[in-house]
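Chemist: Can you read through this structure? Questions will come right after.
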Amino acid sequence: MCNACVMNAVKDRMLSRRNFFKLSAAAGAGVALSSAAAPPALAAGPSHIEDMTHTLSAEFPTFFGVPGFSAEQAFNFAEHGLNLFNLSINEHTGTHVDAPLHFSADGASVDEIPVSSLIAPLCVIDIAARAAEDADAQLTPDDLRAWIAANGDIPDNACVALYSGWGAKVEGDGYRNADGDVMHFPGFHVEAAQMLIEETGAGSIAVDTLSLDHGPSPDFATHYAWLSSGRFGIECLANLDKMPAKGATLIIGAPKHKGGSGGPARIMAMV
């Protein structure tokens with residue numbers, strides 16, 4: 001081996017050893033700092049992350065009964081070396097966010113929802129037994145009071161979610177549960193929405209059904225009361241049956257298109 005080659009090999013080896021010790025020292029410092037500064041729960045991280053989002057497709061049930069999603073392939077791998085689709089989406093299709101603008105004249109659009117509102121303590125209120133007997137069941141102030149008595153106060157910025165068991169019906173006609181021109185599924189009673197506005201710091205409400213209001217609502221009273229207060233809603237949430245009554249944290253991947261009244265969202269829960 002030539003002298004130059006030997007010198008270069010030695011330099012490379014020295015640099016590799018130096019980088020190794022630098023990285024080792026940095027990693028050790030990072031561990032020490034994280035152990036000293038991070039709260040134990042945060043340092044340990046969540047024990048489980050659950051996908052709270054239904055898969056979006058043309059077959060997903062919609063409020064109006066017509067497809068709210070389509071995908072047209074503009075490029076395919078065989079011909080073009082890549083795949084690319086043009087999407088057409090109704091904002092309120094699948095697991096989605098209702099922005100304040102959806103039911104108010106000048107409320108915040110979906111891109112204006114503060115990012116700090118999109119990570120929220122999750123409070124799950126279970127009315128599934130009642131909904132099994134009455135498809136038009138509503139979450140009432142009494143349900144809120146019972147939850148608070150059992151679990152403590154509703155945290156600030158919380159997402160208060162109605163669990164009705166409706167997510168299990170999403171593959172069939174039972175999700176819309178239409179009877180002529182009227183649908184039948186659970187939702188929030190307007191008085192429950194008003195109680196949350198007046199007595200708590202909740203930032204959002206969510207349902208596992210097609211609407212914040214129950215199916216036969218003639219006036220969208222809950223939508224008007226809740227969204228006009230500057231708060232947002234989530235509809236068609238999945239996997240609420242896997243969530244505890246309290247203790248989970250919801251991460252809401254809201255869309256950010258300018259001026260939108262809402263839109264499909266990827267939502268996860270950390271437990």
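Chemist: Here are some residues: Gly94, Gly107. Which one is surrounded by 12 or more Cβ atoms within 10 Å (Cβ to Cβ), more than 20 Å from the chain's Cα centre (by Cα), closer than 30 Å to Cys236 by Cα and at pLDDT 50 or above?
Modeler: Answer to the selection: Gly107.
Chemist: Filter the stretch 112-124 down to the residues that are touching a residue at least 24 places away in the same chain (Cβ under 8 Å), of a type outside the set (Gly, Ala, Ser) and assigned to a helix (DSSP H, G or I) and list them by number. Don't jump to the end; show me each part of the working.
Modeler: Restricting attention to the stretch 112-124, the residues satisfying the condition of being touching a residue at least 24 places away in the same chain (Cβ under 8 Å) are 113, 116-124.
Next, from what is left, pick out any that are of a type outside the set (Gly, Ala, Ser): 113, 118-119, 121-124.
Matches in the stretch 112-124: Leu118 only.
Chemist: Consider Phe75 against the criteria (1) surrounded by 11 or more Cβ atoms within 10 Å (Cβ to Cβ); (2) under 25 Å from His223 (Cβ atoms): it satisfies all of them except one. Which criterion is unmet?
Modeler: So the condition that Phe75 fails would be (2).
Chemist: Still on this model: If we scan the stretch 215-225, do we find a residue that is farther than 17 Å from Val115 by Cα, buried (at least 24 other Cβ atoms within 10 Å of the Cβ), in contact (Cβ under 8 Å) with a residue 60 or more places away in the chain and touching a strand residue (DSSP E or B) at 6+ places or on another chain (Cβ under 6 Å)?
Modeler: Looking for residues that are farther than 17 Å from Val115 by Cα, buried (at least 24 other Cβ atoms within 10 Å of the Cβ), in contact (Cβ under 8 Å) with a residue 60 or more places away in the chain and touching a strand residue (DSSP E or B) at 6+ places or on another chain (Cβ under 6 Å), one finds none in the stretch 215-225, hence no.
Chemist: Kindly evaluate Leu82 against the criterion of being open to solvent by 80 Å² or more (accessible area, probe 1.4 Å), among the hydrophobic types (A, V, I, L, M, F, W, C) and modelled with pLDDT of 95 or more.
Modeler: Working: open to solvent by 80 Å² or more (accessible area, probe 1.4 Å): no; among the hydrophobic types (A, V, I, L, M, F, W, C): yes; modelled with pLDDT of 95 or more: yes.
Taking the combined requirement at face value, the residue does not satisfy it.
Chemist: Counting just the residues of the stretch 45-63 that are modelled with pLDDT under 95 and not small (Gly, Ala, Ser), which one comes out farthest from Thr93 (Cα to Cα)?
Modeler: Pro46
Chemist: Would you confirm whether any residue within the stretch 176-189 is within 15 Å of Asp98 (Cβ to Cβ) and of a type in the set (A, V, I, L, M, F, W, C)?
Modeler: yes
Chemist: Pairs, please: C-beta under 9 Å, at least 6 apart or cross-chain, first residue closer than 19 Å to Ser57 by Cβ and in the stretch 73-92, second open to solvent by 70 Å² or more (accessible area, probe 1.4 Å) and of a type in the set (Asp, Glu)?
Modeler: Qualifying pairs under 9 Å: Phe85/Glu72; Asn86/Glu72; Leu87/Glu72; Ser88/Glu72.
One line per residue, one yes/no per condition, for (1) modelled with pLDDT of 95 or more; (2) open to solvent by less than 10 Å² (accessible area, probe 1.4 Å):
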{"site": "Ala132", "(1), (2)": "yes, no"}
{"site": "Arg145", "(1), (2)": "yes, no"}
{"site": "Ile148", "(1), (2)": "yes, no"}
{"site": "Val160", "(1), (2)": "yes, yes"}
{"site": "Ala168", "(1), (2)": "yes, no"}
{"site": "Arg176", "(1), (2)": "yes, no"}
{"site": "Asp181", "(1), (2)": "no, no"}
{"site": "Glu198", "(1), (2)": "yes, no"}
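Chemist: Then there's this: How about the stretch 54-111: which strands (runs of 3 or more DSSP E) wholly inside it have at least 1 residues that are in contact with a helix residue (DSSP H, G or I) (Cβ under 8 Å, 6 or more places away or on another chain) and over 23 Å from Asp241 (Cα atoms)?
Modeler: none
Chemist: Just to verify a result, which residue in the stretch 183-196, among those that are of a type outside the set (A, V, I, L, M, F, W, C) and closer than 25 Å to Ala269 by Cβ, is most open to solvent (accessible area, probe 1.4 Å)?
Modeler: The extreme case among them is His189.
Chemist: Within the stretch 125-154, which residues are closer than 22 Å to Gly201 by Cβ, free of Cβ contacts under 8 Å to residues at least 60 places away in the same chain and under 24 Å from the mean Cα position of the chain (by Cα)?
Modeler: Within the stretch 125-154, Leu139, Thr140, Pro141, Asp143, Leu144, Ile148, Asp153, Ile154 meet the criteria.
Chemist: Would you be able to tell me the number of residues in the stretch 105-129 that are touching a Lys or Arg at 6+ places or on another chain (Cβ under 7 Å) and farther than 17 Å from Pro264 by Cα?
Modeler: 1
Chemist: Residue by residue through the stretch 247-267, note down the ones that are farther than 19 Å from Ser57 by Cα and not charged (D, E, K, R).
Modeler: Listed by number, the residues that qualify are Gly247, Ala248, Thr249, Leu250, Ile251, Ile252, His257, Gly259, Gly260, Ser261.
The values are calculated or read from the model by the stated rules, or taken from the named source; none is laboratory data. The model shown is predicted, which means the values in this text are computed figures rather than measured ones. Positions of Cβ are backbone-derived with ideal geometry, glycine not excepted, and every protein chain shown enters the neighbour counts. Accessible surface is based on the protein model in full, side chains and every heavy atom, while ligands, DNA and RNA are left aside. Shrake-Rupley method; radii C 1.70, N 1.55, O 1.52, S 1.80 Å.
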